[in-house]
Amino acid sequence: MMLVVTTARKPNKDKEKEAREIAAANCLPYIPRENKSLDSLLNDFGAALVVSDRRLSCFTPAGELFYHPNMAAMRIRLLRQGKADKMLEICGLSAGDSFLDCTAGLCSDSLVSKYRVGEKGRVLSLEQSLPIYIVMGHGLKNSGPPRFQELARGIELVHADFRSYLQKLPPRSFDVVYFDPMFDVPVMEASSLLPLRPLACVQPLTREDIALAARVAKRKVVVKQRSFFVFSRLGLTEAGGNNRKISYGVLEIKENESDS
Ligand SMILES: C[S@@+](CC[C@H](N)C(=O)[O-])C[C@H]1O[C@@H](n2cnc3c(N)ncnc32)[C@H](O)[C@@H]1O
């Protein structure tokens with residue numbers, strides 16, 4: 001699959017300039033759209049970032065990936081009504097905390113965490129896939145409903161593999177380090193992840209990854225997985241889930257643990 005950048009048909013000068021800039025900034029080829037159909041672009045290249053009046057999307061044969069805070073919006077609405085959010089509960093996040101999201105994806109968990117930690121807290125999110133990083137980075141800065149923009153702009157999204165990034169961070173530099181890797185067996189109803197899947201990085205988590213995270217976390221490492229996942233394989237304790245399909249595994253960091 002080759003990733004290219006183009007515009008919607010009949011772009012104005014600004015959108016064409018924006019597409020050229022995205023291509024140049026990420027060392028990707030810019031393809032003038034002219035009259036090409038999306039199908040022919042996908043036949044030729046496999047994946048296309050398309051700048052349109054509405055948004056920046058990445059198209060593959062699996063569909064259109066674009067930033068939309070819908071899932072986060074629903075969870076934040078429930079939080080405002082005083083309902084609990086399982087992921088926040090298990091992470092034990094509160095105002096002012098720092099949260100490292102090692103697997104940003106659609107950034108729903110990052111948005112919900114930013115809502116909880118607030119202005120004084122920090123959410124740093126890592127995404128290894130270049131097209132997902134470009135689409136989400138652009139969306140967090142420029143689109144989504146106005147009531148979410150401040151929250152979205154408060155997330156620091158970085159294009160990085162958590163495996164190398166964790167090694168560069170100082171010990172105990174984030175209260176909670178979180179992973180939500182791609183599941184081997186996807187939850188079929190999670191249709192919002194369908195267009196993400198062919199673009200996502202899918203290497204499974206290992207004990208070495210948990211050790212890297214445990215050095216950086218002050219309080220906890222948390223991993224989201226399918227409910228049948230054997231968390232002890234990663235040295236984690238199962239902490240329950242929000243439904244029969246999803247579960248969380250936790251490693252509590254003890255205060256006197258060595259920082260080396
Ligand atoms: C299931 S999605 C995460 C969904 C996210 N929690 C949300 O709320 O939208 C997993 C994401 O992690 C990314 N990923 C996988 N391995 C990674 C790595 N080593 N470093 C950074 N990101 C990675 C994938 O590309 C994918 O976008």
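The values are calculated or read from the model by the stated rules, or taken from the named source; none is laboratory data. These numbers were taken from a predicted model, which means no experiment stands behind them. With ideal geometry, Cβ positions are generated from the backbone for all residues, glycine too; neighbour counts draw on all protein chains shown. Heavy atoms of the whole protein, side chains included, go into the accessibility calculation; ligands, DNA and RNA do not. Shrake-Rupley method; radii C 1.70, N 1.55, O 1.52, S 1.80 Å.
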Only one of these is among the small types (Gly, Ala, Ser) and open to solvent by 60 Å² or more (accessible area, probe 1.4 Å): Ser192, Ser232. Name it.
Ser232
Determine, yes or no, whether Asn242 is surrounded by fewer than 18 Cβ atoms within 10 Å (Cβ to Cβ), in contact with a helix residue (DSSP H, G or I) (Cβ under 8 Å, 6 or more places away or on another chain) and assigned by TED's automatic domain parsing to the domain that holds Ser98.
yes
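Residues of the range 160-169 being open to solvent by 30 Å² or more (accessible area, probe 1.4 Å), more than 9 Å from the ligand (Cβ to nearest atom) and touching a residue at least 24 places away in the same chain (Cβ under 8 Å), which ones?
To start, the set of residues in the range 160-169 that are open to solvent by 30 Å² or more (accessible area, probe 1.4 Å) comprises 161, 163-165, 167-168.
Checking the rest, the ones that are also more than 9 Å from the ligand (Cβ to nearest atom) come to 167-168.
Within the range 160-169, just Gln167 meets the criteria.
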If you take the residues of the range 212-229 that are within 12 Å of the ligand (Cβ to nearest atom) and part of a helix (DSSP H, G or I), which of them is surrounded by the fewest Cβ atoms within 10 Å (Cβ to Cβ)?
Leu212
Could you check, for the range 90-103, whether at least one of its residues is in a helix (DSSP H, G or I), over 12 Å from the mean Cα position of the chain (by Cα) and of a type outside the set (Gly, Ala, Ser)?
yes
Which numbered condition Tyr67 misses (of (1) in contact with a helix residue (DSSP H, G or I) (Cβ under 7 Å, 6 or more places away or on another chain); (2) over 23 Å from Val51 (Cβ atoms); (3) open to solvent by less than 20 Å² (accessible area, probe 1.4 Å)):
(2)
Note on the range 182-211: residues part of a loop (DSSP other than H, G, I, E, B) and more than 8 Å from the ligand (Cβ to nearest atom) are Asp184, Val185, Pro186, Val187, Met188, Glu189, Ala190, Leu194, Pro195, Pro204, Leu205, Thr206
When you scan the range 142-159, how many residues do you find that are under 30 Å from Arg207 (Cα atoms) and either in contact (Cβ under 8 Å) with a residue 40 or more places away in the chain or open to solvent by 70 Å² or more (accessible area, probe 1.4 Å) (or both)?
4
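Take the range 1-55 and flag every residue that is aliphatic (A, V, I, L, M), exposed (fewer than 15 other Cβ atoms within 10 Å of the Cβ) and in contact with a helix residue (DSSP H, G or I) (Cβ under 7 Å, 6 or more places away or on another chain). Let's see the steps before the verdict.
The initial filter retains those residues of the range 1-55 that are aliphatic (A, V, I, L, M), namely 1-5, 8, 19, 22-25, 28, 31, 38, 41-42, 47-51.
Subset that is exposed (fewer than 15 other Cβ atoms within 10 Å of the Cβ): 1-2, 24-25.
Within the range 1-55, just Met2 meets the criteria.
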How many residues, within the range 55-107, are among the charged types (D, E, K, R) and either in contact (Cβ under 8 Å) with a residue 12 or more places away in the chain or outside the structural domain of Pro198 (by TED's automatic domain parsing) (or both)?
7
Verdict on Leu65 being of a type in the set (A, V, I, L, M), within 19 Å of Ala200 (Cα to Cα) and at pLDDT 95 or above:
yes
Mind listing whichever residues of the range 104-141 are over 14 Å from Leu49 (Cβ atoms), more than 8 Å from the ligand (Cβ to nearest atom), in a helix (DSSP H, G or I) and open to solvent by 10 Å² or more (accessible area, probe 1.4 Å)?
Lys114, Tyr115, Arg116, Lys141
